[in-house]
Amino acid sequence: MAAIDRANPSNSILAPSEFYAAVTPSDTAGSGDLVFISRSIYVGPGGNMIAITMADVEVTFTSVPDGTILHIRAKRIKATGTTATNIVSLA
């Protein structure tokens, strides 16, 4: 299932997140996508995290500190190469 983008004229990208869910990193496009495109991603215990953008570009965030909120729009967090844990998507 493709991730749904909740940012629209009546639900500004700058508005607080309404939906949040634990992320299970996945290498599978489509069925491994987040339910909603993120507004931000919370990283519990830090490490490396590989995000897939809305344009299917893979971006590696290296040495993300514990408790960081990355203000990124991602549709999937890749399993291979991601060492950060307790990841939460905020949409």
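The values are calculated or read from the model by the stated rules, or taken from the named source; none is laboratory data. This structure is a prediction, so every number in the text was calculated from the model and none was measured. Neighbour counts run over all protein chains shown; Cβ positions are idealised from the backbone, glycine included. The area values use the complete protein model at the heavy-atom level, side chains included, leaving out ligands, DNA and RNA. Shrake-Rupley method; radii C 1.70, N 1.55, O 1.52, S 1.80 Å.
General remarks:
- Condition met for Arg76 (touching a strand residue (DSSP E or B) at 6+ places or on another chain (Cβ under 6 Å) and at pLDDT below 95): no
- When residues in region 26-43 are screened for being small (Gly, Ala, Ser) and closer than 22 Å to Thr68 by Cβ, 3 of them pass.
- Restricting attention to region 1-14, the residues that are out of contact with any Gly (no Cβ under 7 Å at 6 or more places or on another chain), open to solvent by 20 Å² or more (accessible area, probe 1.4 Å) and either among the polar types (S, T, N, Q) or farther than 17 Å from Thr53 by Cβ (or both) add up to 5.
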